[in-house]
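What follows is calculated from the coordinates using simple rules that are stated; it is not laboratory data. This structure is a prediction, so every number in the text was calculated from the model and none was measured. All Cβ positions, glycine included, derive from the backbone under ideal geometry; neighbour counts span all protein chains shown.
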Amino acid sequence: MAFAAGSRALRAGDLATARREISHAASAWPTQPAYHWARARLAAQAKDSADLRSALLDHAALGVGRDLLGDTVFAAFARQPWFSAMVAAHDVNRTVIARSTVRATLSDTTLWPEGIDYDARTGRFYVASVRHRTIVERSADGSERALLPRDAGGNGAVLGVRVDPAKNILWATMSGLSQMEGYTPADSAIAALVRVRISDGTIERRWDLPVGKPHALGDLVVSVGGDVFVTDSNQPVVYRLRAGADTLETITHPLFRSLQGLAPTSDGRFLYLADYSHGLLRVDLGTSNVIRLADPPHVTTLGVDGIALYHNAIIAVQNGISPARVMRYQLDPTGARIVSAEILDRNWKVADEPTIGTIVGDEFVYVANSQWEKYSDDGVRRKNVKLTAPVLLALPLGQ
């Protein structure tokens, strides 16, 4: 691939080849902001004003923006009149759009929330904890209960959680991550789908994946028919546990690279997937055929984490671009193509690390401030970083 070839050339000190390959990658995939950004930085290093301006324009045209004046690689161009226009174009895309309101604030600043779901029968939210290997139940009166014992050995970081109201249970995914409290090297083998009884937090059943391959079980959903679908971003695979079955089936496809959130259609025919590297995908559950939803001009669907369906639109937490935002991607009547994109929330200070959300009536309630960037990869909290109480934001979706 051209981007990989460009990266290799850059590591070898061959700037000319790196620029040529990265430029080719950006031309081939114009909705990939990372390619335009890499092209811009390489143009700056080569002191190529024309290509730098072109790359920054292409980057801003996707509706994303960077702090150009704060990046020293562009310092030599800061006084040029045309660069001021680039700064303005990027700064427009960094302005705050805050349509949400705070639905709930959790008490534990160290929780490290990730996944979330809501039980409409009881008015309770369930929030997954990466740090403490548990699920927090948050009642309407503000009281909280840890559904699983905190920091329990044998359990992994909880990433995804979904309510199955028909059975009064929760489904959750666990993965052995170094960011967990009390992590040991042996924990790296943990990768499981678990079924939890809501009443007392008992793990009724556990599906552990075979040891030997690295797994990263993230989000999951329960279809209207009771099937459970789980994404594994490391393999990458979608696992399916059919209602009443006891064995996980696998769905694989060449388009799968870094699977994140997922959302089934109400008729049970299709499953939408967010792939961090490839955009939004749709799986035909009858044939296992997979398509990539084409991006409209000047729209990117890369870097999407959690997704949900609402009135033939995909509501998406897009935290893999700068700045992070929540999007509405409207689908055509067939559900196979994106026809428009709307920014719903963007760059709000309280939502510094949004992750996953769930539909609650006519609102999208999502985790606003997870803690992935506040810790190193080995689970050590970064210096001079303040942890804040986890916030759930409610975003109105009425059309």
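Of note:
- Total charge dipole magnitude, region 312-364, about the Cα centre, Cβ charges on Lys, Arg, Asp, Glu only, Debye to nearest 20: 160 debye
- Within the listed set D284, D295, D219, the residue fluctuating most in the Gaussian network model of the chain (springs between alpha-carbon atoms under 10 angstrom) is D284.
- Label-to-label distance for D14 and D151 is 5.1 nm, based on points extended 7 Å past Cα in the beta-carbon direction.
- Counting 0.36 nm for each residue step from A245 to W372 and taking away their Cα separation leaves a gain of 42.2 nm.
- 28 Å Cα-Cα reach of K213 towards lysines, excluding residues that sit fewer than 8 places from it in its own chain: K374
- Positive-end residue of V127, I203, A16, charge dipole of the chain with Cβ unit charges: A16
- Amide H contacts under 5 Å for A294, placed H, 5+ residues apart: I338
- Among P254, T334, I97 - extreme Cα towards positive end, dipole of the chain, charges at beta-carbon: I97
- Charging the Cβ of each Asp and Glu at -1 and of each Lys and Arg at +1, and nothing else, the dipole of region 2-92 about its Cα centre rounds to 200 debye.
- Here the 3J(HN,Hα) profile of region 138-144, calculated from phi with Karplus coefficients 6.51, -1.76 and 1.60 at θ = phi - 60°, is 10, 7, 4, 7, x, 6, 10 Hz, Gly and Pro shown as x.
- Backbone HN-Hα couplings from phi across region 121-129 [Karplus 6.51/-1.76/1.60, Hz, Gly and Pro as x]: 5, 10, x, 9, 9, 10, 10, 7, 10
- Placed amide H near F364: partners under 5 Å, 5+ positions off or other chain: L395, L397
- With θ taken as phi - 60° and the Karplus curve 6.51 cos²θ - 1.76 cosθ + 1.60 applied, the whole-hertz 3J(HN,Hα) list for region 378-389 is 8, x, 8, 5, 5, 5, 6, 10, 9, 8, 10, 4 Hz, x standing for glycine and proline.
- Of the trypsin sites (Lys or Arg not before Pro) in region 245-348, the ones in a loop by DSSP (not H, G, I, E or B) with at most 16 other beta carbons within 10 Å are R257, R269.
- For the pair region 14-64 / region 170-193, the C-alpha centres are spaced 38 Å from each other.
- Take the Cα radius of gyration of region 2-92 and divide it by 2.2 N^0.38 Å, N being the number of residues; the result is 1.02.
- From the coordinates shown, mean projected area of the Cα convex hull in nm² corresponds to which of (i) 20.0; (ii) 21.8; (iii) 18.8: (i)
- Residues whose amide H lies under 5 Å from that of G379, counting only those 5 or more places away or on a different chain, are absent; hydrogens are built 1.01 Å from N in the peptide plane.
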